[in-house]
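Below is one structure; the comments refer to it alone.
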Amino acid sequence: MPPPTDAAERAYIDRSCRAPVLFFFGSALFWLLVGTFFALVTSIKLHDPEFMTRAPLPDVAKFQAGGSLNANPISMQDVGFLTFGRFRASHLNAVAYGWASSAAIGVGVWLMARLCRVPLRRPALVTTAGVLWNIGIAVGIAGILAGQSTSVEWLEFPPYAALIIGIAYAMIAVWAVDMFASRQCDHVYVTLWYVLAAFFWFPWLYATANILILLKPVQGSVQAIVNWWFGHNVLGLWFTPIGIGAAYYMIPKVIGRPIHSYYLSAIGFWSLALFYSWNGGHHLIGGPLPAWVITASIVASVMMVIPVVVTAVNHHMTMRGHFGMLRYSPTLRFIVFGAMSYTLVSLQGSSMAIRSLNKISHFTHYTIGHAHFGLYAFFTMVMFGCMYYIVPRLCGCEWRSAYLIRLHFWAAAYGIFFMIIALTVGGLVQGLMLADPAKDFVGEIVPMTRPYLVGRSLSGVLLSIGHVVFAYHFILMVLQLGRREGGPVYFNPVEAEVRP
Amino acid sequence: MADDLRPPPEAHDIDPTLPGVDYSERVSVTGIHAAVLREKIEPREGMEPMPIWLWLAVSLLIGWGGWYLGTFSGGYRADNFDERIGSAIAGGAVAGTAAGGTAAKEDPAAAFAKLGKRQFTANCQSCHQATGLGQAGVYPPLAGSEYVLGNKKRVIAIVLKGLQGPFKVKGNTYNNVMQSWEPVLDDKKIAAILTYVRNEWGNKAEPITPEEVAAVRAEFASRKVAWTEADLLAIPENATINVAPATNATPPAAAPSAPTPAAPAPPVPAPKAPSPAAIAPQAPADRPYT
């Protein structure tokens, strides 16, 4: 049993975090629902291209009476904001910046306060940054839908929206440095390394990429390098450290034993910092870049096996003997699902950087499957797990229903599993067919992908169910409609009683 | 320690009737801290050493990384885009390595035929149709066309420069325009398309090589307008194409690994009578780039 003073201190810290963190979580879930809507429509458009922009059926009676057959044509000018190009970019930005980044900031803020052992400093700064952040995303998505996308992948937001987001993030970064400088802890735990690094890395990446591509563009193919340096580092130096950092906190916290090895933590962190920022070039294999640039990034991508395996060993050895807890602890189940996905998706990513495999997988649905594997099965699941842990401590009440959590988990787990299978298998077949000059693109390859894309849309429906359920459950918590007694919510309370 | 950290009580902490959101104070004090009290202690770190097998695996990986970087970095040159070339050299001549290795796996003739069909579908079919019959009165047929089956130089010239009607094919006159494909398609694609067209729909004629297309392209390089019927017929029925092998060799990889000084020869005028040796080893016009 921890000494009561520690519990009292944690209670104060949690309370100081309440408004800003709940604000970030709430807006994250809002953008998750928005992004899910964009995702579903985009996915359906891939196998039904006229979805939502279908021209009305011609009026045959009018035609027979002598009128024009196409009296009511649909104009792309009128429905441009409903087309695939804008919806896809809106989906990416809504989930990457709206959902994933907001959730990451919320979790990161809470983790920093907990691990620095100080009540949240300057809560107004954090909340203001949150408000600005949301304004930036709303403006940015409106800009994309209005056709003002920059058409640079991962940086589609028009420059005015990017500016707002950059300012908001800079405020968070300043806050993070301030928090860290005033820490009361005597030992800087590994999670804190990751969170602090992420809060520092992202504004650097975002500012550099915006300046070198949009404000003062560098020449020619160097823009492509900058673009993918940024695009991959958003994943590697922003989402990944927050996700791993959160797992490093939650796993030992929930099971109540120390993390396996400090040395593994250190090697994992520094090798990630060293290798990840080189990875972006593997998106440009076969592109017009000097061979050594691509080769260096392939080597760095394969070297990512080091931090991944080291971290996986560290987590696994910590969990050893406690896997039974997955049967009842919602937080642990989400987090461990995410941590295992991290290992798998990273090893898959390293293999995809190798030229001979990239030749098949690049520019196919296989890559899309990989992207969702990383951002959903790893990062989003870890964020869900963190929220299940953090929200009761901020709201002062327990989750209302184990049933809703179970529904959320299985909808998300099955949904993302089927999505990855559909995209991976479909993408492999597609890649092999594309490499065969005898195959007809429109006649054979496109129809071949159709069933896989329909399967992906169906799995997207499953994910959407999970999101709606979780958002509903979250709203109940914020409205103080959670349970006030009876202890924590477990999937399987009887087993939780038996086990310590 | 916690005492030092406590913030000064806020107004609504002291008087619950004052405005301010404080959800947790509505229930018992133990209720507030229930979640916090049941928490396990904050995470700490164990000090287990890194396992030996992991050290070994990491060392192996780093070794592989060094080898790969050294082998496939193209000599770290800014102008070398092909990782399979020239890692052993530092500047100067670029030696071809293993270039033919991957290309040899597929039968080049079959690949050439596939390329022709695909390129025809992509570029020609919308007018001349998959049947090769064209459209009556609008687009002339290719099946059985005297130009398709006739002199090589003429048919290559048509594809390169395009046509300006009126133009007579198989007894029918077509008053239409065919675009110039010179800027769009390279020699290999044009050769593949023409070879396909000359041997499809019952057509039977000699194949056309990329070298021949290149030669015709060079011969008419100065012509900027489409052919009229009269201009085209000015090319004699029995005209031959002088293939100049030296100019066809595309830069680095075509050179065999032995240093052949002649390989990257600039526009040296081709020898008038090509020796059999110069023609025999067909210079690969390009290599599949992955």
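So what is the 222 nm mean residue ellipticity for chain A from helices alone, if each DSSP H run of at least 4 adds -39500 (n - 2.57) and you divide by all residues, rounding to the nearest 500 deg cm²/dmol?
-23000 deg cm²/dmol
Using +1 on the beta carbon of Lys and Arg, -1 on that of Asp and Glu, and nothing else charged, what's the dipole of chain A about the Cα centre, debye to 20?
Its charge dipole is roughly 780 debye.
Taking 7 Å along the Cα-to-C-beta vector as the label spot, tell me the A:ARG122-A:SER221 distance in nanometres, rounded to one decimal.
Calculated label separation equals 4.3 nm.
When the Cα centres of the range A:175-217 and the range A:334-413 are compared, how far apart do they sit, in Å?
Result: 23 Å between the Cα centres.
How about the range B:173-224: which trypsin sites (Lys or Arg not before Pro) there lie in a loop by DSSP and see at most 11 other Cβ atoms within 10 Å?
In loop regions of the range B:173-224 (DSSP not H, G, I, E or B), the sparsely surrounded trypsin sites (Lys or Arg not before Pro) are B:LYS204, B:LYS224.
Compute the FRET efficiency between A:LEU274 and B:GLU146 as 1/(1 + (r/R0)^6), taking r as their Cβ-Cβ distance and R0 = 51 Å, and round to the nearest 0.05.
0.15
With axes computed from alpha carbons, what is the tilt in degrees of helix A:305-319 against the longest principal axis of chain A, rounded to the nearest 10 within 0 to 90?
50
Step through the table entries B:LYS114/B:LYS170; A:LYS439/B:LYS204; B:LYS161/B:LYS188; A:LYS439/B:LYS170; A:LYS216/A:LYS359; B:LYS117/B:LYS168, compare each Cα-Cα distance with 22 Å, and write down the pairs that go over it.
B:LYS114/B:LYS170; A:LYS439/B:LYS204; A:LYS439/B:LYS170; A:LYS216/A:LYS359; B:LYS117/B:LYS168
Under the classification rounded if a/c is under 1.5, otherwise prolate if a/b is larger than b/c and oblate if not, where does the range B:106-233 fall, given a ≥ b ≥ c as square roots of the Cα gyration tensor eigenvalues?
Working: a/c = 1.70, a/b = 1.18, b/c = 1.44.
Oblate shape, in that a/c is at least 1.5 and b/c is the bigger or equal ratio.
Angle, helix A:190-209 long axis vs. longest principal axis of chain A, Cα atoms, 0 to 90°, nearest 10?
30
Helix A:291-303 versus the longest principal axis of chain A: what angle, 0 to 90°, nearest 10, using Cα atoms?
Roughly 40 degrees between the two axes.
Test of understanding: given chain A, find the longest segment containing no GluC sites (Glu not before Pro) that are in a DSSP loop and have at most 11 other Cβ atoms within 10 Å.
Details: sites that count: A:GLU50, A:GLU485.
Longest site-free region, per DSSP loop and neighbour criteria: A:51-484.
Can you give me the distance in nm between label points at A:ALA402 and A:ALA371, each placed 7 Å from the Cα along the Cα-to-Cβ direction?
Those two pseudo-labels are separated by 3.9 nm.
The numbers here are math on the coordinates, done by the rules we state, and not lab data. Just so you know, these numbers come straight off a predicted model, no measurement behind them. So basically every Cβ, Gly included, is an ideal-geometry build from the backbone, and we count neighbours across all protein chains shown.
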